[in-house]
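S.K.: What follows is a structure written as structure tokens; I'll ask about it next.
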Amino acid sequence: MKKIILLMMALVVAFTASNAAELNQSDTTFHFNKKIIQIQDSIGQVKVKVFEATNKDSIPYKAVYEGQFVEEKTFEKWTVVEEIGIQIPFFGKSNERHHGKMEPHWAGIGWGFANISNAAFKINNIDGVSLKSGSSSEFFVNLIEKMLPIYKNKLGITTGLGFNWRTYSLDYNTHFVNNNGLTDVYDAPVGVKYEYSKLKTAHITLPILLEWQPGGLDDDFFVSVGVICGVKTYSVSKIKFKNESGDMIKRVEDKGLNVSPLSLDYYAQIGYGSFNVFAKYSPFSIFESGKGPDVRAVSLGLLLNF
């Protein structure tokens with residue numbers, strides 16, 4: 001509602017200025033309800049800035065809103081000025097709905113709990129592998145996104161590019177070892193207690209998602225489902241323990257470990273605006289077929305869109 005009021009005020013002032021002979025200028029400043037409103041009107045562009053009065057003599061006004069209206073595009077920023085002087089911009093993208101196009105929801109930063117499953121959707125303790133669920137996690141950064149609307153700006157296909165890191169923390173004092181070309185789980189040596197034992201993987205990811213925005217361009221609610229393809233860039237097993245002298249030892253136990261070079265995840269997310277919840281499940285094992293335990297990756301977490 002505030003945006004609509006400010007835009008109407010901007011249009012009224014611009015119209016008045018253009019029709020009054022004595023006001024042949026493009027910039028206008030006026031006071032309204034303890035606020036200063038500045039309007040800069042130039043060819044093809046209108047800028048609106050709003051400043052609010054403060055109780056500090058050194059800072060008589062603080063910026064609370066800035067908007068640029070260029071043809072059918074809108075770029076806006078609201079700020080909140082705390083007592084310590086930090087400005088916190090509103091999360092979210094420029095209002096792309098003024099382009100008349102759907103807005104994708106892939107680019108962003110995400111974090112979630114990672115675990116393993118089998119074909120019957122049993123979680124953890126699969127094929128001799130048991131994880132510490134609270135210490136196993138997934139982190140990803142999605143940098144590139146593109147959407148192709150296919151039906152009335154309510155249904156579209158999203159793709160892009162991202163980077164994914166997963167950490168699987170093994171339980172029961174065990175570790176992964178590649179022995180004669182086969183990866184399996186082994187107990188720690190006698191007398192050794194692992195501080196941690198982890199399998200870490202990294203992938204470049206490419207999504208193919210079907211996104212539904214039931215309210216069209218007038219609603220921030222969305223649902224996406226599809227698949228995420230991945231190309232492995234890194235996989236390693238790491239352990240940490242104290243030796244007989246009490247010194248803390250960190251060691252790379254093994255690299256490669258027959259982790260599959262390609263991955264595929266079924267993906268679903270639901271959200272509003274820049275915040276959403278996601279779930280992933282892979283129909284294929286983390287390891288190459290016949291070369292390691294048959295365990296599939298699953299995860300659940302949050303994504304904050306850029």
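The values are calculated or read from the model by the stated rules, or taken from the named source; none is laboratory data. Given the structure is predicted, the values throughout are model-derived calculations rather than measurements. Neighbour counts are summed over all protein chains in view; Cβ atoms, including those assigned to glycine, are modelled from backbone coordinates with ideal geometry.
S.K.: For the stretch 177-196, enumerate the residues that are in a strand (DSSP E or B) and either free of Cβ contacts under 8 Å to residues at least 40 places away in the same chain or touching a Phe, Trp or Tyr at 6+ places or on another chain (Cβ under 8 Å) (or both).
M.R.: The answer is VAL177, ASN179, THR183, ASP184, VAL185, TYR186, ASP187, TYR194, GLU195.
S.K.: All but one of (1) assigned to a strand (DSSP E or B); (2) touching a residue at least 40 places away in the same chain (Cβ under 8 Å) hold for VAL277; state the number of the condition that does not hold.
M.R.: (2)
S.K.: Starting from the stretch 212-228, keep only residues that are on the phi > 0 side of the Ramachandran plot, then list their pairs with residues that are β-branched (Val, Ile, Thr) whose Cβ atoms are within a distance under 9 Å, requiring at least 6 positions of separation or different chains.
M.R.: GLY226/ILE157; GLY226/THR158; GLY226/ILE208
S.K.: ASP294 fails exactly one of the following numbered conditions: (1) closer than 22 Å to THR183 by Cβ; (2) part of a strand (DSSP E or B). What is the number of that condition?
M.R.: Against the list (1) closer than 22 Å to THR183 by Cβ; (2) part of a strand (DSSP E or B), ASP294 comes up short only on (2).
S.K.: A follow-up question, please. Could you please find all residues in the stretch 244-263 being exposed (fewer than 15 other Cβ atoms within 10 Å of the Cβ) and either in contact with a Phe, Trp or Tyr (Cβ under 9 Å, 6 or more places away or on another chain) or modelled with pLDDT under 90 (or both)?
M.R.: Once the filter is applied, which keeps residues that are exposed (fewer than 15 other Cβ atoms within 10 Å of the Cβ) and either in contact with a Phe, Trp or Tyr (Cβ under 9 Å, 6 or more places away or on another chain) or modelled with pLDDT under 90 (or both), the stretch 244-263 yields GLU244, SER245, GLY246, MET248, ILE249, LYS250, ARG251, LYS255, GLY256, LEU262.
S.K.: While we're here: Just to verify a result, which residue in the stretch 168-191, among those that are polar (S, T, N, Q) and crowded, with 17+ Cβ neighbours inside 10 Å, is farthest from ILE116 (Cα to Cα)?
M.R.: Checking each candidate, the answer is ASN178.
S.K.: Quick test for you: out of ASN164, ASN115, ASN142, ASN125, pick the one residue that is free of Cβ contacts under 8 Å to residues at least 12 places away in the same chain, surrounded by 13 or more Cβ atoms within 10 Å (Cβ to Cβ), in the same structural domain as LYS200 (by TED's automatic domain parsing) and closer than 27 Å to PHE287 by Cβ.
M.R.: ASN125
S.K.: Take the stretch 189-211 and flag every residue that is modelled with pLDDT of 95 or more and hydrophobic (A, V, I, L, M, F, W, C).
M.R.: Within the stretch 189-211, LEU199, ALA202, ILE204, LEU206, ILE208, LEU209, LEU210 meet the criteria.
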